[in-house]
Amino acid sequence: MMRAVLVCLLLCAAPLAQSAQHHLLIVTGLGGTDEYREQFANAAVRLHAAARAAELDAGNIVVLAAEPLPDSAAVDYQPSTRESLLSALRAIGARARPGDRVFVVLIGHGNARGDGAAFNLPGPDITASGLAAALDELGDLPLVVVNTASSSGPFVQALSAPGRIVITATASGREFHATLFGEHFVAAFAERGADSDKDERVSLLEAFDYARREVRRAYENDKKILTEHALLDDNGDGEGSRAPGALEPDGAFASRVFLQQPPALELGASPALVAMIERRQALEASIDALKRRRDTLARDDYYARLEKLLIDLARLGREIRALGS
C-alpha cells in the first residue's frame, strides 16, 4: 500500500521547466513489405499529431520518413537516411537552448551487428555506436531516445548516460522478429488508456508500461510465445530494466518526463511562484541523488527518506498549482 501511495505522489509531482522547449525527431526506417510500410507511416503521423496536441511547436518537430506518408496527413517530412538523421540532430543541437529536451523516436526494423545493432534506413544504416557519437555532440541537453525496432536492445548500453532516458523494444540483438512495441508506444500518447494516474498526461514510464502490457496481451491473444522484451534505462548504468518503476533504480526519472511541452512562466510571474519552482527542482534533484545511494542505505532508512521527499514534493506541487491557477 505504501509503495502505491509513493508512486502516486511521485507521478503527481511533475517538473515545470522554465521556458524550456521540447524537440522531437521522428524517424521511420525501411518497411520491407507494404504492411510494415503502412504501419510505420501511420505511427509517425499519429506521433506527430500527439506531439502537436501536447503543444510542441511545429518548428520543433522533425519527421524523416523512408516511405511517403499519407497525403491526408499534411505532415512535412524529408527522406530518412543516415546523413539526414545526423543532419537533423546537428540542426536541433544548433537551435536548442540549455535545458531544452530532445526526443528521438526510431520506428522501423533493426538487426544485430556483432555485439551491437543497427536501425535499418535507406542506404547505410545507423548503428548504435554511430547514433551514440551523434548524440554526444548535443552536449548536456536532456535526451530521450526510443528505438522501437527489432534487435534494438544493444542501443541501451551504447546510448546510456546520466540525464538520458533510453527505451528499446527488445532486450537484446537476438530478438530479431518484427516488434509490436512501437505501435503501442505511440498509441500511449495518441489514445486514452496509458494515463494510469489520471493527471491528463502520459509520462515516459506510463507509455513504456502501457506498450509492454499491450504487447504481452497481443501475444497471449494470439497464443504465441513472447519474442520481444522492452527495456528502459534512465539512471545511466547501461543495464536497462524490463520492469522499471517510480521507486526502482530505473523508472523514477522517466516517471517525471512527459511528451507535453512544459508550460513556461509568463513574464511578470510572482517571485513566490519562481521560488516554489526552484524549490521543486531542488527536491527532484534530492530524490535523484537519494536513488543513486539506494544500495548504500538500509532499506527502511531509504524508504523513510524517500517518503518524506515525495510528500514534500507533492505538497509543493499543490501549492504551485493553486498559485498558478
Practice item. At 4 °C and 1.567 mPa s, grab the translational diffusion coefficient of the chain from Stokes-Einstein with a Kirkwood Rh over Cα pairs, rounded to a whole number in µm² per second. Key: 64
Exercise for review: Could you pull out every residue, at least 5 positions away or on a different chain, whose amide H is within less than 5 Å of the one on Ile165? Hs are placed 1.01 Å off N in the peptide plane, and Pro or chain starts have none.
Suggested key: Leu143, Val144, Val145
Check your understanding: At Glu307 and Arg52, where each label point lies 7 Å from the Cα along Cα→Cβ, what is the point-to-point distance in nanometres?
Key -> 4.8
Exercise for review: Could you pull out every whole DSSP H run in the chain that spans at least 24 Å of Cα extent along its own axis and averages 0.0 or higher on the Kyte-Doolittle scale?
Suggested key: 271-292
Exercise for review: Can you put Ile61, Ile311 in order of Cβ neighbours within 10 angstrom, beginning with the fewest?
Suggested key: Ile311, Ile61
Check your understanding: Taking the mean number of other Cβ atoms within 10 Å as a proxy for protection, how do you rank 115-128, 191-204, 139-152 from highest to lowest?
Key -> 139-152, 115-128, 191-204
Point to revise | 12 Å beta-carbon shell around Gly59, net charge (K/R +1, D/E -1) | key: 0
Point to revise | Debye, to nearest 20: dipole size of the range 132-198, +1 on Lys, Arg Cβ, -1 on Asp, Glu Cβ | key: 160
Practice item. May I ask for the net charge around Thr81, where only other residues with Cβ less than 15 Å from the Cβ of Thr81 are counted and Lys, Arg are +1 while Asp, Glu are -1? Key: -1
Study note, to complete from the structure: Karplus-derived 3J(HN,Hα) from phi for the range 153-158 (6.51 cos²θ - 1.76 cosθ + 1.60, θ = phi - 60°), whole Hz, x at Gly and Pro, runs x, x, 5, 4, 5, 5
Review point. About its Cα centre, how strong a charge dipole does the chain have in debye, to the nearest 20, once Lys and Arg get +1 and Asp and Glu get -1 at the Cβ?
Key: 640
Study note, to complete from the structure: Under the rule rounded for a/c under 1.5, else prolate if a/b exceeds b/c, else oblate, using alpha carbon gyration tensor axes a ≥ b ≥ c, the range 41-102 is classed as oblate
Exercise for review: Name the residues whose placed amide hydrogens come within less than 5 Å of the amide hydrogen of Glu175, ignoring near sequence neighbours (fewer than 5 apart) on the same chain.
Suggested key: Ser151
Exercise for review: Tell me which residues come under 5 Å, amide H to amide H, from Asp100 once H is placed; ignore anything under 5 positions away on its chain.
Suggested key: Gln21
**Study point:** From phi via Karplus (6.51, -1.76, 1.60), per-residue ³J(HN,Hα) for the range 243-251 in Hz, x at Gly/Pro
**Key:** 9, x, x, 5, 10, 9, x, 10, x
Practice item. Between beta-carbons, use under 10 Å as the cut-off and find the net charge around Tyr302, counting Lys and Arg +1, Asp and Glu -1. Key: +1
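Every number here is computed from the coordinates shown, using simple stated rules; none is lab data. Values in this document were obtained by computation on a predicted structure and should not be read as measured data. Neighbour counts run over all protein chains shown; Cβ positions are idealised from the backbone, glycine included.
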